[in-house]
Amino acid sequence: MFTGIIPAIRNMKDFEHVLKRDHEHIILLETRLSQIESVVKYAKQSGKKVFVHADLVQGLKVDEYGIEYLINNVKVDGIVSTRVNVISLAKKHNVIAIQRLFALDSHVLEHNVRISRKVKPDYIEVLPGIIPGIMEEIHEKTDIPLIAGGLIRTEEDIQSALNNGASAVTTSNRDLW
């Protein structure tokens with residue numbers, strides 16, 4: 001079960017910084033196919049569990065073969081995606097699946113909740129993670145553990161998300177790690 005803060009890594013400088021921290025889990029955003037194997041291997045040598053936002057891996061075709069590559073060759077611990085087929089593939093291969101859900105408006109929210117109920121990801125990452133009422137609503141409707149992400153800028157944002165149904169918070173803000 002995820003708890004607390006999960007660093008979301010956008011660049012190599014942040015990656016190097018987070019390896020010196022005590023966080024057990026990290027999420028790799030915006031990485032390149034040519035470097036992902038070595039980055040994940042290095043993170044695992046530092047005792048980290050690595051989750052990859054598959055949609056943001058430059059050069060990776062996000063289909064069954066791309067996901068198999070991430071799981072079997074790269075050895076990721078989990079997959080993050082906004083795509084239903086990717087979440088389904090991650091679950092099929094028995095890795096942790098985190099469905100990224102954007103709370104843009106009521107229609108999109110209801111659509112994403114229906115999809116999440118059907119696909120049953122292990123976690124739902126709600127963006128933006130600073131809307132307490134929406135977090136509670138999604139948790140009530142899906143009964144799936146939530147991660148708050150997006151626009152998390154202060155320690156108060158973190159505490160608010162945790163107080164309103166999130167089990168963890170992702171942030172790329174290094175000061176909050």
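Computed from the coordinates by the stated procedures, all read-outs in this text should not be read as laboratory data. The shown structure was predicted, so the numbers you read here are calculated from the model rather than taken from an experiment. Using ideal geometry, Cβ is built from the backbone for each residue, glycine included, and neighbour counts are taken over all protein chains shown.
Cβ-Cβ below 8 Å, separation at least six or inter-chain, first residue in the stretch 139-159 and in contact (Cβ under 8 Å) with a residue 60 or more places away in the chain, second surrounded by fewer than 22 Cβ atoms within 10 Å (Cβ to Cβ) and assigned to a loop (DSSP other than H, G, I, E, B): which pairs?
P145/M1; P145/D122; G149/P128
Within the stretch 10-54, take every residue that is of a type in the set (S, T, N, Q) and touching a residue at least 12 places away in the same chain (Cβ under 8 Å) and give me the one that is farthest from I147 (Cα to Cα).
Applying the first criterion (of a type in the set (S, T, N, Q)) to the stretch 10-54 yields 11, 31, 34-35, 38, 45-46.
Pick out the ones that are also touching a residue at least 12 places away in the same chain (Cβ under 8 Å) and you get 11, 31, 34, 46.
On the way: N11: 21, T31: 21, S34: 29, S46: 24 Å.
For the stretch 10-54, the residue satisfying everything is S34.
What are the pairs with Cβ atoms under 8 angstrom where one residue, in the stretch 104-115, is in contact (Cβ under 8 Å) with a residue 24 or more places away in the chain and under 12 Å from I138 (Cα atoms) and the other, located anywhere, is of a type in the set (V, I, T) and crowded, with 17+ Cβ neighbours inside 10 Å? Sequence gap at least six, or different chains.
What qualifies is L109/I134; L109/I138; V113/I138; V113/T142.
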